[in-house]
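Down below is the structure, laid out as structure tokens.
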Amino acid sequence: MGSPQGDLPLKLLTKSINSNVLVKLKDGSEFMGLLERCDPTMNLVLTNAVEVDEDKGDPITNLGKVFIRGSNILFIAIAYDKLST
């Protein structure tokens, strides 16, 4: 079992299901979309996903539903109201 502190990122991510998130990958690409699912390894499924320009935040491509492998994620930005545990 993980420590309570170690479980916090996954707990926050789980609370963010059905909310919009921003995901930045290790290769620098960024995606915004509605978080549909996540698992303990932080694999994600986003719906209404859009690839966005990392400098301006402007949409580049509408992707629809995407799967993002947790090992490729650099960070995930969630809504501020999800931070209260």
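The values are calculated or read from the model by the stated rules, or taken from the named source; none is laboratory data. Computed from a prediction, not measured in an experiment: that's the story for all the values here. Backbone-built Cβ (ideal geometry, glycine too); neighbour counts: all protein chains shown.
Looking at Lys26, Lys15, can you tell me which residue is more than 11 Å from the chain's Cα centre (by Cα) and either modelled with pLDDT of 95 or more or of a type outside the set (Lys, Arg) (or both)?
Just one listed residue meets the conditions, Lys26.
If a residue counts only when it is closer than 17 Å to Asn18 by Cβ, in contact with a Phe, Trp or Tyr (Cβ under 9 Å, 6 or more places away or on another chain) and not charged (D, E, K, R), which strands (runs of 3 or more DSSP E) contained entirely in the stretch 28-80 have at least 3 such residues?
Strands (runs of 3 or more DSSP E) meeting the threshold: 44-52.
Residue check: is Lys56 on the phi < 0 side of the Ramachandran plot, touching a strand residue (DSSP E or B) at 6+ places or on another chain (Cβ under 9 Å) and not polar (S, T, N, Q)?
no
Please specify each residue of the stretch 20-51 satisfying the condition of being surrounded by 20 or more Cβ atoms within 10 Å (Cβ to Cβ) and of a type in the set (Gly, Ala, Ser).
Gly33, Ala49
When residues of the stretch 60-85 are filtered for being more than 18 Å from Lys11 (Cβ to Cβ) and in contact (Cβ under 8 Å) with a residue 12 or more places away in the chain, how many remain?
Counting residues in the stretch 60-85 that are more than 18 Å from Lys11 (Cβ to Cβ) and in contact (Cβ under 8 Å) with a residue 12 or more places away in the chain gives 11.
Hey, any hits in the stretch 53-62 for a residue that's closer than 14 Å to Ile76 by Cα and either surrounded by 12 or more Cβ atoms within 10 Å (Cβ to Cβ) or among the aliphatic types (A, V, I, L, M) (or both)?
Yes, there is a match, as at least one residue in the stretch 53-62 is closer than 14 Å to Ile76 by Cα and either surrounded by 12 or more Cβ atoms within 10 Å (Cβ to Cβ) or among the aliphatic types (A, V, I, L, M) (or both).
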